[in-house]
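A.B. asks: The structure is given below, and queries will be raised subsequently.
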Amino acid sequence: MGWGGILRLCLVNAAIGGMAALPVNLFNRLMVVELALPALLPGLLVALHYAVQITRPAWGHRSDRAGARVPVILGGMSVLGAGVVAAAWAIGLPTGVALIVWVAAYAAIGIGVGAAGTSFLALLATVAGDRRGAAATLAWLMLIAGAIAASVGTGIALEPYSPAHLTIVVATCVAIALALTVVATFGMDRHTPAPAPTPALGAALRQTWADPAARQFTGFVFLSILAFYLSELVFEPFAGQVHGLTPDASTRLSGAKDGAALIGMIASGALAQLRIGSLRAWAIVGCLVSAGGLLALGGGAPLMPATLTLGLGNGLFVVGAIGSMMRLASARSGAEGTTMGVFGAAQAIAAGLAGIAATATLDLLRGILSDGAAYGSLFAIEAVLFLLAALMAARILGPAPAAIPGE
């Protein structure tokens, strides 16, 4: 597939990023600040949406056996969109009723992200060939671009804020994302390998886990994503409680962080293609820069520079990690979806644990420390995990095969 086709396919990731950013960022902030609910509640809800993504290997295996990834992508995106709209609508309901709706909505969000995201990455790994590093950069650029568009767009459209207005704005965002997905996937299944005899799911998973490279990389994915997501649920509440930002202002700040990540992704991909460092080297640098940004946020540094530093580090990190993930998945012909699903399940488990750990730790720390000190302690813990991830990346990722430029 040419670059035009790869770019069009990556619109799927933009749509996923736009819809997935709202529950993690905006809805979380509204629950904690506007509704004055414990930070653990959105933490548990986001953990639920990650927990159901343990089904990712099953969705990937399904698309492997069927030889058709587009139906799984479209079905997953429809479920994701329904969950996001339901979660937004529940913001204006009485708390008891809202809890019931939120549980169902966040479970739907997790199923949708798992099904659509796994099949998208498996299809991208197949069509990208030896351009997987650059394709991974493009996919994550589109993911962050979608998150930025949704965060900034909803932040602007939400003024003045009301629960009813929130539902209308979110439903509009979801409709746009679904339209993009249809455009992105039209005719793409002709690039999916024809269905071939494949083992049952259990046997396919055992074969994947028996591969030492896949097993070690799964461990790296778990640790690095744990570090990556620890601040995700507490960033906007931090902006509101410590720095006094309004919902629209904190949403735009989150968009600025994603914008800095976008720059980091472009930089790491471009520099690696120019043989200035490698994607693996920039992943390690990204972990170190992310740790510096977190320490600056927790230490009371000016909000915007520290936020941009964290975003830049995140962007440098993810491209190397995802490029390696795609290379390992595509090395197992006919099992790309299953392998990508295993990596995705490790990512989801780590992200879910991060959400619970971050929000529960924050509630505990706020009981004994000031808000600023509580958030600062949590950011310091995350910085340490990023440093450990950098050490593991240096050992696990290793030298790149010569056949893949930029890696």
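The values are calculated or read from the model by the stated rules, or taken from the named source; none is laboratory data. The structure displayed is predicted, hence computed values, not measured ones. With ideal geometry, Cβ positions are generated from the backbone for all residues, glycine too; neighbour counts draw on all protein chains shown.
A.B. asks: Go through segment 219-242 and count every residue that is over 17 Å from the mean Cα position of the chain (by Cα) and more than 19 Å from Ala383 (Cβ to Cβ). Please lay out each step first, then the result.
C.D. replies: Taking segment 219-242 as the starting set, the residues that turn out to be over 17 Å from the mean Cα position of the chain (by Cα) are 219, 237-242.
Next cut, more than 19 Å from Ala383 (Cβ to Cβ) only: 219, 240-241.
Qualifying residue count for the region: 3.
Conditions tested, residue by residue: (1) at pLDDT 90 or above; (2) buried (at least 24 other Cβ atoms within 10 Å of the Cβ); (3) of a type in the set (Ser, Thr, Tyr).
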{"position": "Ser290", "(1), (2), (3)": "yes, yes, yes"}
{"position": "Pro302", "(1), (2), (3)": "no, no, no"}
{"position": "Ala321", "(1), (2), (3)": "no, yes, no"}
{"position": "Leu328", "(1), (2), (3)": "no, no, no"}
{"position": "Thr339", "(1), (2), (3)": "no, yes, yes"}
{"position": "Ala354", "(1), (2), (3)": "no, yes, no"}
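Residues are listed down the side, and each one gets a yes or a no for (1) small (Gly, Ala, Ser); (2) surrounded by fewer than 21 Cβ atoms within 10 Å (Cβ to Cβ):
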position: Gly244; (1), (2): yes, yes
position: Arg252; (1), (2): no, yes
position: Asp258; (1), (2): no, no
position: Ala261; (1), (2): yes, no
position: Met265; (1), (2): no, no
position: Ser268; (1), (2): yes, no
position: Ala272; (1), (2): yes, no
position: Ala283; (1), (2): yes, no
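A.B. asks: So Ile349 fits all but one of (1) at pLDDT 80 or above; (2) closer than 27 Å to Gly110 by Cβ; (3) surrounded by 21 or more Cβ atoms within 10 Å (Cβ to Cβ); (4) aliphatic (A, V, I, L, M); what number is the exception?
C.D. replies: It fails just one condition, (3).
A.B. asks: Okay, moving on. Quick one: would you say Val52 is in contact (Cβ under 8 Å) with a residue 40 or more places away in the chain and buried (at least 22 other Cβ atoms within 10 Å of the Cβ)?
C.D. replies: Working: in contact (Cβ under 8 Å) with a residue 40 or more places away in the chain: yes; buried (at least 22 other Cβ atoms within 10 Å of the Cβ): no.
It is false that Val52 is in contact (Cβ under 8 Å) with a residue 40 or more places away in the chain and buried (at least 22 other Cβ atoms within 10 Å of the Cβ).
A.B. asks: Test each condition in (1) under 13 Å from Ile6 (Cα atoms); (2) of a type in the set (Ser, Thr, Tyr); (3) surrounded by 24 or more Cβ atoms within 10 Å (Cβ to Cβ) for Thr126 and report the one that comes out false.
C.D. replies: Going through (1) under 13 Å from Ile6 (Cα atoms); (2) of a type in the set (Ser, Thr, Tyr); (3) surrounded by 24 or more Cβ atoms within 10 Å (Cβ to Cβ) one by one, Thr126 breaks only (3).
A.B. asks: Taking the criterion of being touching a residue at least 60 places away in the same chain (Cβ under 8 Å) and closer than 23 Å to Gly341 by Cβ, would at least one residue in segment 146-159 satisfy it? Explain how you work it out, then say what you get.
C.D. replies: In the first step, residues of segment 146-159 are kept if they are touching a residue at least 60 places away in the same chain (Cβ under 8 Å); the result is 146-152, 154-156, 158-159.
Filter again for closer than 23 Å to Gly341 by Cβ, leaving 146-147.
Checked segment 146-159: at least one residue is touching a residue at least 60 places away in the same chain (Cβ under 8 Å) and closer than 23 Å to Gly341 by Cβ.
A.B. asks: I've got another one for you. Does at least one position in segment 36-46 carry a residue that is under 18 Å from the mean Cα position of the chain (by Cα), assigned to a helix (DSSP H, G or I), hydrophobic (A, V, I, L, M, F, W, C) and buried (at least 24 other Cβ atoms within 10 Å of the Cβ)? If you could, list the steps in order and put the result at the bottom.
C.D. replies: Looking only at segment 36-46, we keep the residues that are under 18 Å from the mean Cα position of the chain (by Cα), and these are 42-46.
Remaining after also requiring assigned to a helix (DSSP H, G or I): 42-46.
Filter once more, keeping what is hydrophobic (A, V, I, L, M, F, W, C): 44-46.
Restricting the remaining residues to those that are buried (at least 24 other Cβ atoms within 10 Å of the Cβ) gives 45-46.
Looking for residues that are under 18 Å from the mean Cα position of the chain (by Cα), assigned to a helix (DSSP H, G or I), hydrophobic (A, V, I, L, M, F, W, C) and buried (at least 24 other Cβ atoms within 10 Å of the Cβ), one finds at least one in segment 36-46, hence yes.
A.B. asks: Please go through (1) within 26 Å of Gly255 (Cα to Cα); (2) at pLDDT 90 or above; (3) surrounded by fewer than 22 Cβ atoms within 10 Å (Cβ to Cβ) for Gly92 and return the number of the only condition it doesn't satisfy.
C.D. replies: With respect to (1) within 26 Å of Gly255 (Cα to Cα); (2) at pLDDT 90 or above; (3) surrounded by fewer than 22 Cβ atoms within 10 Å (Cβ to Cβ), Gly92 is out only on (2).
A.B. asks: Let me ask another. I'm trying to understand the selection: among the residues of segment 146-183, which are in a helix (DSSP H, G or I) and over 21 Å from Gly83 (Cα atoms)?
C.D. replies: Let us first name the residues in segment 146-183 that are in a helix (DSSP H, G or I), namely 146-157, 163-183.
The answer is Ile156, Val183.
Conditions tested, residue by residue: (1) free of Cβ contacts under 8 Å to residues at least 24 places away in the same chain; (2) under 18 Å from the mean Cα position of the chain (by Cα); (3) on the phi < 0 side of the Ramachandran plot; (4) part of a helix (DSSP H, G or I).
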residue	(1), (2), (3), (4)
Pro23	no, yes, yes, yes
Leu48	no, yes, yes, yes
Arg56	no, yes, yes, yes
Trp59	no, yes, yes, yes
Ala68	no, no, yes, no
Ala88	no, no, yes, yes
Ala98	yes, no, yes, yes
Trp102	no, no, yes, yes
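A.B. asks: Sticking with this structure for a sec: If I filter segment 129-157 down to residues being more than 19 Å from Gly17 (Cα to Cα) and not basic (Lys, Arg), which single residue comes out as surrounded by the most Cβ atoms within 10 Å (Cβ to Cβ)? Steps first, please.
C.D. replies: Taking segment 129-157 as the starting set, the residues that turn out to be more than 19 Å from Gly17 (Cα to Cα) are 129-133.
Adding the requirement that they be not basic (Lys, Arg) leaves 129-130, 133.
Details: Gly129: 12, Asp130: 15, Gly133: 27.
So, considering only residues that are more than 19 Å from Gly17 (Cα to Cα) and not basic (Lys, Arg), the one surrounded by the most Cβ atoms within 10 Å (Cβ to Cβ) is Gly133.
A.B. asks: Of a type in the set (Gly, Ala, Ser) and touching a helix residue (DSSP H, G or I) at 6+ places or on another chain (Cβ under 8 Å): does that describe Ser78?
C.D. replies: Values: of a type in the set (Gly, Ala, Ser): yes; touching a helix residue (DSSP H, G or I) at 6+ places or on another chain (Cβ under 8 Å): yes.
Taking the combined requirement at face value, the residue satisfies it.
A.B. asks: Mind listing just one residue for me: the one in segment 173-206 that is among the polar types (S, T, N, Q) and at pLDDT 70 or above and, of those, nearest to Pro23 (Cα to Cα)? Break it down into steps so the answer makes sense when it comes.
C.D. replies: Here is the first cut: in segment 173-206, the ones among the polar types (S, T, N, Q) are 181, 185, 192, 198.
After this cut, where a residue has to be at pLDDT 70 or above as well, the list is 181, 185.
Values: Thr181: 19, Thr185: 25 Å.
For segment 173-206, the residue satisfying everything is Thr181.
A.B. asks: Same structure, new question: Within segment 263-306, how many residues turn out to be over 22 Å from Ala134 (Cβ atoms) and touching a residue at least 60 places away in the same chain (Cβ under 8 Å)? Step through it out loud before you land on a result.
C.D. replies: Keep residues of segment 263-306 that are over 22 Å from Ala134 (Cβ atoms), which gives 288, 290-306.
Subsequent filtering for residues that are touching a residue at least 60 places away in the same chain (Cβ under 8 Å) retains 288, 290-292, 294-295, 297-300, 303.
Residues flagged as over 22 Å from Ala134 (Cβ atoms) and touching a residue at least 60 places away in the same chain (Cβ under 8 Å) within segment 263-306 amount to 11.
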